[in-house]
Amino acid sequence: MARTRIERDWSLLPAELLHIISSKVESVGDYLRFAAVCQPWRSAASSGDQPRRFPHLLPWLLLPYQLAGNGNSGSSFEFYDLSESKTHRFSLPEMQEKQICGSSFGWFVLLKGQEFSLFNPLTRAAVSLPPLTAPPDNLGFPPLDSPDHVWDPNQYSFRAGCDCRVIKAVLTSNPLLGPDCMVLVLFQSSIWDLAFCRIGDENWTVIEFGAQSEMPFDYGFVDFTHSNGSVYASDLFGSLTIYNLKDRSKRLACRGLGLWDLHLVQGDSEGEVLVLYSDGEGENPYTLYKLRTMNGETDWFQERDIGQNMLFWADSHAISLPLKWRPNCLCYGRENFESELGEHRISLARIEDGRISDMTSDLWVTPKSEGKWQKCLWLAPSLI
C-alpha cells in the first residue's frame, strides 16, 4: 500500500519553539537560512532575548555597484563572504537610492538627500537620525567667521535642498546596546566639517565647522577615527588633530608624515591609533604607522606587529578586528592590473614583511568609464 505523504506547514510551529531553535543558531549562514523559511521564522530569529553577535567572524565585503543619482537605483546588493568563499545576494529595498557613507558594528550609515539613517542588512533593523536642517549645537569651537565667538545656530544649519556630501561616517558602538552610541560624520565642502549625534538626539553637534571650499584638502580634514572618547582627524598628509569629546578640548597632536593617500584605521581593540599608507607600487605597497608619544613628543612611527588583530581595507575605509584567522595581516581588495576590464580581487599582505598572496580570483569589475560607483566596504556581520 502506498504511503500517504503528509505535508507540514512550517509557518505554524509555535513561536516558543521557534525562539528556542533560533537561540541555537551560531553562524550567519545558518541565521540567513533560518530567517528565509517564512515570516514567522524571520521574526523569531530577530526577536530573541539574547541577541547574537559574531565577534570572531570574518567580515563581508560589499561589492561595488554603479550609482544612479545619489544612490543605488536597484534593491539588489552583493556581499562576498570570506568564511564561506561565496557571494551572497540580498534584496534590500530599504537601501534603495541611498548612499552608503560608512560601516561599523554590522550597521551601515545611509544618506538620502539630507536624511541620515542606520541600517543592519542582516536583521533589517533601522534607526532614524536627526535632520540636518535642525539648528546644531557645537562642541565649544564656534565658526571661524563668527564675530567675537558669538554665533546663531540657525545660520549654520543645512538649508532645505542644500547638497550634502559625505567623506566618511562611523559609529562608536552598536546602536542597540546602549544610549552612548554616537554617529560621527566627516563632510566634504560643507558648512560643517565634523559632526556627531547620539541615538535619540533631536539635532547634531558640530565638532568643527567647515570652510565650504571646493578643495577640502586645503582647509579641512580628509579622514578621521574614534578611540577612547576622542576623535582623531587628519589632513591630506597626516597632520593629526585630537578632539576630546568629554572635556570639549582640541589639540594638534603631530605634524604630517609628508605622504599622500593615508587612511586612519577604525576600531582597534587596544585603543591605539593606526594609519595605513598606500603608494600603490612595488612588492610592498602598504606601510602601517602607529601614533606614539616618546619623550613628550607625539609622532607617527612605523609598525610591523599588531598582535592578533587583522586589518581590512577597502578604498577609503580601514578597520581593525581581533581575529586569529590571519593575525598581523592586511586583507584588501585590489585591481588586477593585467586586465583591461577593471577586474578586482581580494588579496592578503603580511604586515611584517609585505608579502602578498591572492585569496580569490577576480570577483568584480569596475569599468574604467564615466559614471559614479559605490565603493566597496567591509561589513562585520551582527545580529544586533
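The values are calculated or read from the model by the stated rules, or taken from the named source; none is laboratory data. Just so it is clear, the model here is predicted, and its values are computed rather than measured. Here the Cβ positions follow ideal geometry from the backbone for every residue, glycine too, while neighbour counts run over all protein chains shown. We work out accessible area using only protein heavy atoms, side chains counted, and drop any ligands, DNA or RNA first. Shrake-Rupley method; radii C 1.70, N 1.55, O 1.52, S 1.80 Å.
One residue stands out among those in region 219-229 that are of a type in the set (Ser, Thr, Tyr) and open to solvent by 10 Å² or more (accessible area, probe 1.4 Å): the one that is nearest to residue 313 (Cα to Cα), which is 227. Going by the structure shown, is residue 91 of a type outside the set (A, V, I, L, M, F, W, C), in contact with a helix residue (DSSP H, G or I) (Cβ under 9 Å, 6 or more places away or on another chain) and free of Cβ contacts under 8 Å to residues at least 60 places away in the same chain? No. Consider region 35-50 and keep the residues that are assigned to a helix (DSSP H, G or I) and open to solvent by 70 Å² or more (accessible area, probe 1.4 Å). The one that is modelled with the highest pLDDT is 39. The set of residues in region 135-172 being open to solvent by less than 40 Å² (accessible area, probe 1.4 Å) and of a type outside the set (A, V, I, L, M) consists of 136, 138, 141, 142, 143, 146, 156, 157, 158, 164, 168, 172. With respect to residue 177, determine if the residue is surrounded by fewer than 17 Cβ atoms within 10 Å (Cβ to Cβ), of a type outside the set (Lys, Arg) and in a strand (DSSP E or B). When the stated conditions are applied, residue 177 does not pass them. For region 296-304, the condition holds for at least one residue, the condition being that it is at pLDDT 85 or above, over 19 Å from residue 227 (Cα atoms) and not in a strand (DSSP E or B).
Looking at region 74-116, which of its residues are in a strand (DSSP E or B), of a type outside the set (A, V, I, L, M, F, W, C) and either in contact with a Pro (Cβ under 7 Å, 6 or more places away or on another chain) or closer than 16 Å to residue 382 by Cβ (or both)? Listed by number, the residues that qualify are 81, 88, 102, 103, 104, 115.
Remark: pairs (first residue in region 185-197, free of Cβ contacts under 8 Å to residues at least 60 places away in the same chain; second residue open to solvent by less than 10 Å² (accessible area, probe 1.4 Å) and not in a strand (DSSP E or B); Cβ separation under 6 Å; 6+ apart in sequence or on different chains) = 195/204. Residues in region 342-356 that are assigned to a loop (DSSP other than H, G, I, E, B) and among the hydrophobic types (A, V, I, L, M, F, W, C): 351 only. Could you say whether any residue in region 252-264 is part of a loop (DSSP other than H, G, I, E, B), of a type in the set (Asp, Glu) and open to solvent by less than 20 Å² (accessible area, probe 1.4 Å)? No, the conditions are met nowhere in region 252-264. Once region 345-361 is narrowed to residues that are under 22 Å from the mean Cα position of the chain (by Cα) and not aliphatic (A, V, I, L, M), the residue that is nearest to residue 64 (Cα to Cα) is 345. Taken together, the residues in region 117-134 that are in a strand (DSSP E or B) and open to solvent by 10 Å² or more (accessible area, probe 1.4 Å) amount to 4. If the condition is being touching a Lys or Arg at 6+ places or on another chain (Cβ under 9 Å) and at pLDDT 95 or above, then region 112-160 contributes 117, 119.
Is it fair to say residue 81 is among the charged types (D, E, K, R), out of contact with any Leu (no Cβ under 6 Å at 6 or more places or on another chain), within 28 Å of residue 330 (Cα to Cα) and modelled with pLDDT of 85 or more? So residue 81 fits the description; yes.
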